[in-house]
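Student: Below: one structure in structure tokens.
Bear in mind that the values in this text are calculations on the coordinates, not laboratory data. Source: prediction; values computed, not measured.
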Amino acid sequence: MILLLTVIAISTIYIFIDLVPLYKKQKWTGFFVYSVLLLFCILIALLMALNIKIPNLIEPIQKLITAIRGE
């Protein structure tokens, strides 16, 4: 529970430090790209804090690359 609250607190700090200035300066491209990446990272951190197993994507990616290259 403490880890979950820590992730939420640190995420909130990141949002106020990084996203609010981008929003105020109306740098929309940076704001939206950074928002999507930050939300993805926060989601991964929350899942890890809740001990939810995240599947490993290396094997499917290797199969895809092998299929594309034709090896």
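Student: Please report, in whole Å³, the volume per residue of the convex hull around the C-alpha atoms of the chain. Mind showing how you got there, number by number?
Tutor: Values: hull volume 6.3 nm³, N = 71.
Per-residue hull volume (Cα only) is 88 Å³.
Student: Taking Lys53 as the anchor, which lysines have their alpha carbon closer than 25 Å to its alpha carbon, excluding any fewer than eight residues away along the same chain?
Tutor: Lys63
Student: Using 0.36 nm per residue, how much length does the chain from Gln62 to Ile2 gain when fully extended, once their Cα-Cα distance is taken away? Mind dumping the intermediate values first?
Tutor: On the way: separation 60, 0.36 × 60 = 21.60 nm, distance 3.66 nm.
Length gained, Gln62 through Ile2: 17.9 nm.
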